[in-house]
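Peer 1: Dumping the structure here so I can ask a few things about it.
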Amino acid sequence: EAQVTQNPRYLITVTGKKLTVTCSQNMNHEYMSWYRQDPGLGLRQIYYSMNVEVTDKGDVPEGYKVSRKEKRNFPLILESPSPNQTSLYFCASNPGPGLAGYEQYFGPGTRLTVT
Amino acid sequence: RKEVEQDPGPFNVPEGATVAFNCTYSNSASQSFFWYRQDCRKEPKLLMSVYSSGNEDGRFTAQLNRASQYISLLIRDSKLSDSATYLCAVNKVNRDDKIIFGKGTRLHILP
């Protein structure tokens, strides 16, 4: 089954404790992205990657890191989480350039609470 | 003007009615347009893609108006299960080569 998986699905942590949210896709997509979704603010892109070893900042990259060492994986790293990073996080992938290439497929989401 | 803008709603519509909502976009060079459905606390799921003037899939019709820079989503014979938030998305035409999402329109179908 074609899918994007994220782990963990739920995470409660404390300020300053480094964490990683994993993301993996099995569709051989070139592009992958991380979003956060907050009430009233919609989906905001954190980072995106257009290929292995190619990453770029989205609209809200502060406090986050990513890496793309393999095509299928795109982990999101919070080096020192803070309460304002409490949010619902989605990983997404899409094929790449071209009209249909922008069709995004989302993971199930990770609900993060930082206390 | 915001890059992608939607009326947040909520739209409260009786079951069986037809409902339509629009999404405006600011970049006239955009070529790819999408409607996503998002249920509460779930991931957005692609509902329809629009590359030319429009697209139809069962009870759902999406149309593109390039002159006025908006896309619309029409739902006919609405069902209770259509209650959700509908997000539109537009490709951003510059070096970034990515998608911009609207904040979504909430739809409640009333029994």
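Peer 1: Just give me the residues in segment B:23-34 being open to solvent by less than 80 Å² (accessible area, probe 1.4 Å) and either of a type outside the set (Val, Ile, Thr) or under 28 Å from A:Tyr10 (Cα atoms) (or both), in sequence order.
Peer 2: Correct list: B:Cys23, B:Tyr25, B:Ser26, B:Asn27, B:Ala29, B:Ser30, B:Ser32, B:Phe33, B:Phe34.
Peer 1: When the residues of segment A:33-53 are filtered to those that are hydrophobic (A, V, I, L, M, F, W, C) and within 11 Å of chain B (Cβ to nearest Cβ), which remaining residue is most open to solvent (accessible area, probe 1.4 Å)?
Peer 2: Top of the filtered list is A:Leu41.
Peer 1: Report, by residue number, each residue of segment B:40-63 that is touching an Asp or Glu at 6+ places or on another chain (Cβ under 7 Å), outside any loop (DSSP other than H, G, I, E, B) and surrounded by fewer than 14 Cβ atoms within 10 Å (Cβ to Cβ).
Peer 2: none
Peer 1: Which residues, taken from segment A:68-106, are of a type in the set (Ser, Thr, Tyr), touching a strand residue (DSSP E or B) at 6+ places or on another chain (Cβ under 9 Å) and open to solvent by 30 Å² or more (accessible area, probe 1.4 Å)?
Peer 2: A:Ser82, A:Thr86, A:Tyr105
Peer 1: Being touching a strand residue (DSSP E or B) at 6+ places or on another chain (Cβ under 6 Å) and not in a strand (DSSP E or B), is that true of even one residue in segment A:36-45?
Peer 2: Taking every residue of segment A:36-45 in turn, none turns out to be touching a strand residue (DSSP E or B) at 6+ places or on another chain (Cβ under 6 Å) and not in a strand (DSSP E or B).
Peer 1: Could you tell me whether any residue of segment A:22-32 is surrounded by fewer than 12 Cβ atoms within 10 Å (Cβ to Cβ), part of a loop (DSSP other than H, G, I, E, B), touching a residue at least 60 places away in the same chain (Cβ under 8 Å) and of a type in the set (A, V, I, L, M, F, W, C)?
Peer 2: no
Peer 1: Next up: Which residue out of B:Arg66, B:Arg37 is of a type in the set (D, E, K, R) and crowded, with 17+ Cβ neighbours inside 10 Å?
Peer 2: Exactly one residue qualifies, and that residue is B:Arg37.
Peer 1: Can we say B:Lys98 is away from every other protein chain (no Cβ under 14 Å) and charged (D, E, K, R)?
Peer 2: no
Peer 1: So B:Arg41 clears everything in (1) modelled with pLDDT under 90; (2) closer than 30 Å to A:Asn7 by Cβ; (3) more than 10 Å from every other protein chain (Cβ to nearest Cβ) except one condition, right? Which one?
Peer 2: Of the numbered conditions (1) modelled with pLDDT under 90; (2) closer than 30 Å to A:Asn7 by Cβ; (3) more than 10 Å from every other protein chain (Cβ to nearest Cβ), the odd one out for B:Arg41 is (3).
The values are calculated or read from the model by the stated rules, or taken from the named source; none is laboratory data. From a predicted model like this one, the values you see are computed outputs, not experimental measurements. Heads up, the Cβs are rebuilt from the backbone with ideal geometry, glycines too, and the neighbour counts pull from every protein chain shown. Ligands, DNA and RNA are stripped out before the accessible areas are found, and what is left, the full protein with its side chains, is counted by its heavy atoms. Shrake-Rupley method; radii C 1.70, N 1.55, O 1.52, S 1.80 Å.
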